[in-house]
Amino acid sequence: GAGVSQSPSNKVTEKGKDVELRCDPISGHTALYWYRQSLGQGLEFLIYFQGNSAPDKSGLPSDRFSAERTGGSVSTLTIQRTQQEDSAVYLCASSRSYTETQYFGPGTRLLVL
Amino acid sequence: GENVEQHPSTLSVQEGDSAVIKCTYSDSASNYFPWYKQELGKRPQLIIDIRSNVGEKKDQRIAVTLNKTAKHFSLHITETQPEDSAVYFCAAIYQGGSEKLVFGKGTKLTVNP
(Lines give C-alpha, C1' and ligand atoms only; values in the text may rest on other atoms or scores of the structure.)
Protein backbone atom coordinates (compact mmCIF):
# COMPACT_ATOMS: atom_id res chain seq x y z
CA GLY A 1 0.00 0.00 0.00
CA ALA A 2 0.96 3.66 -0.14
CA GLY A 3 3.52 4.87 2.32
CA VAL A 4 3.76 8.13 4.20
CA SER A 5 3.81 11.10 1.86
CA GLN A 6 4.87 14.67 2.51
CA SER A 7 4.57 17.89 0.59
CA PRO A 8 6.22 19.95 -0.59
CA SER A 9 9.41 17.96 -1.06
CA ASN A 10 11.43 21.19 -1.06
CA LYS A 11 10.59 24.65 0.19
CA VAL A 12 12.65 27.80 -0.07
CA THR A 13 11.34 30.80 1.80
CA GLU A 14 12.48 34.17 3.02
CA LYS A 15 13.16 34.91 6.63
CA GLY A 16 10.03 36.12 8.38
CA LYS A 17 7.57 34.30 6.13
CA ASP A 18 5.24 31.56 7.33
CA VAL A 19 5.41 28.03 5.91
CA GLU A 20 3.07 25.09 6.07
CA LEU A 21 4.25 21.50 5.69
CA ARG A 22 1.90 18.63 5.04
CA CYS A 23 1.99 14.96 5.99
CA ASP A 24 -0.26 12.16 4.74
CA PRO A 25 0.16 9.10 6.97
CA ILE A 26 -0.37 5.49 6.01
CA SER A 27 -4.08 4.74 5.94
CA GLY A 28 -5.28 3.39 9.27
CA HIS A 29 -2.29 4.62 11.25
CA THR A 30 -3.57 6.43 14.32
CA ALA A 31 -0.23 7.80 15.49
CA LEU A 32 1.66 10.51 13.63
CA TYR A 33 5.00 12.12 14.48
CA TRP A 34 6.97 15.13 13.31
CA TYR A 35 10.76 15.22 13.52
CA ARG A 36 13.37 17.73 12.46
CA GLN A 37 16.74 16.68 11.10
CA SER A 38 19.45 19.26 10.58
CA LEU A 39 22.29 18.48 8.18
CA GLY A 40 24.25 15.48 9.43
CA GLN A 41 22.34 15.36 12.70
CA GLY A 42 19.99 12.92 14.40
CA LEU A 43 16.23 12.93 14.67
CA GLU A 44 14.87 15.75 16.80
CA PHE A 45 11.37 14.94 18.03
CA LEU A 46 8.88 17.80 17.62
CA ILE A 47 5.35 16.57 18.28
CA TYR A 48 3.23 13.45 18.23
CA PHE A 49 -0.48 12.93 17.52
CA GLN A 50 -2.74 10.14 18.68
CA GLY A 51 -5.80 10.58 16.51
CA ASN A 52 -6.41 14.33 16.35
CA SER A 53 -4.98 15.13 19.75
CA ALA A 54 -1.36 15.92 20.55
CA PRO A 55 -0.45 14.36 23.92
CA ASP A 56 3.19 15.30 23.54
CA LYS A 57 4.25 18.69 22.20
CA SER A 58 7.43 18.73 24.23
CA GLY A 59 9.75 18.97 21.24
CA LEU A 60 8.35 22.10 19.61
CA PRO A 61 11.30 24.56 19.68
CA SER A 62 9.25 27.72 20.15
CA ASP A 63 5.77 29.17 19.93
CA ARG A 64 6.42 29.88 16.25
CA PHE A 65 5.87 26.16 15.66
CA SER A 66 2.41 24.60 15.69
CA ALA A 67 0.80 21.52 14.25
CA GLU A 68 -2.64 20.16 13.77
CA ARG A 69 -4.25 17.00 12.55
CA THR A 70 -7.78 16.70 11.27
CA GLY A 71 -9.93 13.66 10.66
CA GLY A 72 -7.28 11.45 12.21
CA SER A 73 -5.34 11.60 8.97
CA VAL A 74 -3.52 14.53 7.35
CA SER A 75 -1.34 16.71 9.55
CA THR A 76 0.14 20.12 8.91
CA LEU A 77 3.16 21.63 10.63
CA THR A 78 3.21 25.42 10.53
CA ILE A 79 6.25 27.55 11.18
CA GLN A 80 5.52 31.26 11.61
CA ARG A 81 8.03 34.04 11.04
CA THR A 82 10.67 31.59 9.84
CA GLN A 83 14.29 32.04 10.89
CA GLN A 84 17.44 30.78 9.19
CA GLU A 85 17.97 28.26 11.97
CA ASP A 86 14.67 26.62 10.97
CA SER A 87 16.38 25.32 7.84
CA ALA A 88 16.33 21.54 8.06
CA VAL A 89 14.58 18.44 6.77
CA TYR A 90 11.22 17.96 8.43
CA LEU A 91 10.27 14.29 8.61
CA CYS A 92 6.87 12.85 9.32
CA ALA A 93 6.28 9.28 10.47
CA SER A 94 3.20 7.24 11.26
CA SER A 95 2.48 4.02 13.11
CA ARG A 96 -0.52 1.83 13.80
CA SER A 97 -0.37 2.88 17.41
CA TYR A 98 2.02 5.05 19.36
CA THR A 99 4.10 2.10 20.55
CA GLU A 100 4.57 0.37 17.22
CA THR A 101 7.06 0.63 14.39
CA GLN A 102 7.20 4.06 12.80
CA TYR A 103 7.32 4.45 9.03
CA PHE A 104 8.85 7.62 7.70
CA GLY A 105 7.90 9.91 4.87
CA PRO A 106 10.48 11.32 2.42
CA GLY A 107 10.70 14.62 4.27
CA THR A 108 10.39 18.28 3.36
CA ARG A 109 13.67 20.13 2.87
CA LEU A 110 13.17 23.66 4.16
CA LEU A 111 15.63 26.41 3.36
CA VAL A 112 15.14 29.81 4.95
CA LEU A 113 17.13 32.53 3.23
CA GLY B 1 11.52 8.27 30.57
CA GLU B 2 13.68 6.21 28.27
CA ASN B 3 17.15 7.36 27.24
CA VAL B 4 19.11 5.68 24.42
CA GLU B 5 22.85 6.04 23.93
CA GLN B 6 24.43 4.93 20.64
CA HIS B 7 28.09 4.28 19.83
CA PRO B 8 30.15 4.91 17.85
CA SER B 9 28.97 8.09 16.16
CA THR B 10 31.06 7.28 13.09
CA LEU B 11 32.44 3.96 11.87
CA SER B 12 34.62 3.26 8.88
CA VAL B 13 35.30 -0.29 7.66
CA GLN B 14 36.77 -1.98 4.63
CA GLU B 15 34.45 -3.79 2.26
CA GLY B 16 33.98 -7.37 3.42
CA ASP B 17 34.69 -6.60 7.08
CA SER B 18 32.06 -6.70 9.82
CA ALA B 19 30.54 -3.65 11.49
CA VAL B 20 29.03 -3.48 14.97
CA ILE B 21 26.95 -0.64 16.39
CA LYS B 22 25.97 -0.65 20.04
CA CYS B 23 23.12 0.97 21.95
CA THR B 24 22.27 1.11 25.61
CA TYR B 25 18.90 1.98 27.09
CA SER B 26 17.85 3.13 30.52
CA ASP B 27 14.32 1.81 31.04
CA SER B 28 14.43 -1.88 31.98
CA ALA B 29 10.77 -2.15 30.95
CA SER B 30 11.58 -1.45 27.28
CA ASN B 31 10.66 -4.45 25.19
CA TYR B 32 10.90 -3.41 21.53
CA PHE B 33 14.08 -2.34 19.75
CA PRO B 34 14.01 -1.37 16.06
CA TRP B 35 16.93 -0.33 13.88
CA TYR B 36 16.60 2.20 11.05
CA LYS B 37 18.91 2.84 8.11
CA GLN B 38 19.02 6.28 6.50
CA GLU B 39 20.89 6.64 3.23
CA LEU B 40 22.07 10.08 2.21
CA GLY B 41 19.14 12.29 1.31
CA LYS B 42 16.56 9.59 1.97
CA ARG B 43 14.11 8.73 4.71
CA PRO B 44 14.94 6.42 7.64
CA GLN B 45 13.77 2.88 6.89
CA LEU B 46 13.29 -0.02 9.30
CA ILE B 47 15.84 -2.76 8.61
CA ILE B 48 15.43 -5.10 11.55
CA ASP B 49 13.83 -5.17 14.99
CA ILE B 50 13.89 -7.36 18.07
CA ARG B 51 11.56 -7.90 20.97
CA SER B 52 12.67 -8.66 24.50
CA ASN B 53 11.53 -12.26 24.44
CA VAL B 54 14.45 -13.21 22.15
CA GLY B 55 18.17 -12.65 22.44
CA GLU B 56 19.11 -12.59 18.78
CA LYS B 57 17.53 -12.13 15.39
CA LYS B 58 19.16 -12.52 12.00
CA ASP B 59 18.21 -11.47 8.50
CA GLN B 60 20.82 -12.38 5.88
CA ARG B 61 23.90 -10.23 6.61
CA ILE B 62 22.23 -8.28 9.40
CA ALA B 63 21.75 -9.45 12.97
CA VAL B 64 20.66 -7.82 16.19
CA THR B 65 21.50 -9.07 19.68
CA LEU B 66 19.86 -8.05 22.93
CA ASN B 67 21.22 -8.31 26.47
CA LYS B 68 18.35 -7.42 28.81
CA THR B 69 20.44 -7.75 31.94
CA ALA B 70 22.99 -5.23 30.72
CA LYS B 71 20.32 -3.18 28.91
CA HIS B 72 22.14 -3.04 25.64
CA PHE B 73 21.52 -4.19 22.09
CA SER B 74 23.74 -4.27 19.05
CA LEU B 75 23.50 -4.31 15.27
CA HIS B 76 25.91 -6.57 13.43
CA ILE B 77 26.52 -6.30 9.70
CA THR B 78 28.72 -9.00 8.16
CA GLU B 79 30.47 -8.95 4.77
CA THR B 80 29.87 -5.23 4.47
CA GLN B 81 29.30 -3.71 1.03
CA PRO B 82 29.55 -0.09 -0.13
CA GLU B 83 25.74 0.10 -0.28
CA ASP B 84 25.67 -0.48 3.49
CA SER B 85 27.10 3.03 3.87
CA ALA B 86 24.43 5.06 5.66
CA VAL B 87 23.43 6.44 9.04
CA TYR B 88 21.97 3.83 11.36
CA PHE B 89 19.61 4.71 14.22
CA CYS B 90 18.65 2.45 17.09
CA ALA B 91 15.50 2.98 19.15
CA ALA B 92 13.75 1.56 22.20
CA ILE B 93 10.27 1.55 23.68
CA TYR B 94 8.04 -0.25 26.14
CA GLN B 95 5.14 -1.45 24.02
CA GLY B 96 2.07 -1.25 26.20
CA GLY B 97 3.15 1.86 28.04
CA SER B 98 2.57 5.52 27.45
CA GLU B 99 5.96 6.64 26.14
CA LYS B 100 6.98 7.19 22.55
CA LEU B 101 9.82 5.51 20.68
CA VAL B 102 13.17 7.01 21.68
CA PHE B 103 15.99 7.16 19.10
CA GLY B 104 19.74 7.08 19.51
CA LYS B 105 21.73 9.86 17.86
CA GLY B 106 22.83 7.72 14.94
CA THR B 107 26.00 6.10 13.61
CA LYS B 108 27.44 7.10 10.27
CA LEU B 109 28.83 3.93 8.68
CA THR B 110 31.21 4.21 5.75
CA VAL B 111 32.22 1.08 3.87
CA ASN B 112 35.35 1.68 1.83
CA PRO B 113 35.70 -0.35 -1.39
For this session: Would you check which residues across segment A:74-90 are under 17 Å from A:Y48 (Cα atoms), surrounded by 17 or more Cβ atoms within 10 Å (Cβ to Cβ) and in contact (Cβ under 8 Å) with a residue 60 or more places away in the chain and list them?
Result: A:I79, A:Y90
For this session: For residues that are within 12 Å of B:C90 (Cβ to Cβ) and either modelled with pLDDT under 95 or open to solvent by 40 Å² or more (accessible area, probe 1.4 Å) (or both), tally how many sit in segment B:66-75.
Result: 1
For this session: Tally the residues that are under 18 Å from B:P44 (Cβ atoms) and of a type in the set (D, E), restricting the search to segment A:70-113.
Result: 1
Seminar exercise, completed: Only one of B:K100, B:K108 is in a loop (DSSP other than H, G, I, E, B) and within 11 Å of chain A (Cβ to nearest Cβ), namely B:K100
Exercise. Which residue pairs have Cβ atoms under 7 Å apart, sit 6 or more places apart or on different chains, and have a first residue in segment B:5-16 that is more than 18 Å from B:F89 (Cβ to Cβ) and a second that is modelled with pLDDT under 95 and open to solvent by 80 Å² or more (accessible area, probe 1.4 Å)?
Worked result: B:E15/B:P113
Problem set entry | strands (runs of 3 or more DSSP E) contained entirely in segment B:10-55, each with at least 2 residues that are away from chain A (no Cβ under 11 Å), more than 11 Å from the chain's Cα centre (by Cα) and surrounded by fewer than 17 Cβ atoms within 10 Å (Cβ to Cβ) | B:10-14
Seminar exercise, completed: Residues of segment A:74-113 being in a loop (DSSP other than H, G, I, E, B) and either more than 16 Å from the chain's Cα centre (by Cα) or away from chain B (no Cβ under 14 Å) (or both), in sequence order, are A:V74, A:Q80, A:R81, A:T82, A:Q83, A:S87, A:R96, A:S97, A:T99, A:E100, A:T101, A:L113
Exercise. Which members of segment B:20-38 meet the condition of being more than 14 Å from B:F103 (Cβ to Cβ) and at pLDDT 95 or above?
Worked result: B:V20, B:K22
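The values are calculated or read from the model by the stated rules, or taken from the named source; none is laboratory data. Model, not experiment: these values are computed from the prediction. With ideal geometry, Cβ positions are generated from the backbone for all residues, glycine too; neighbour counts draw on all protein chains shown. Accessible surface is based on the protein model in full, side chains and every heavy atom, while ligands, DNA and RNA are left aside. Shrake-Rupley method; radii C 1.70, N 1.55, O 1.52, S 1.80 Å.
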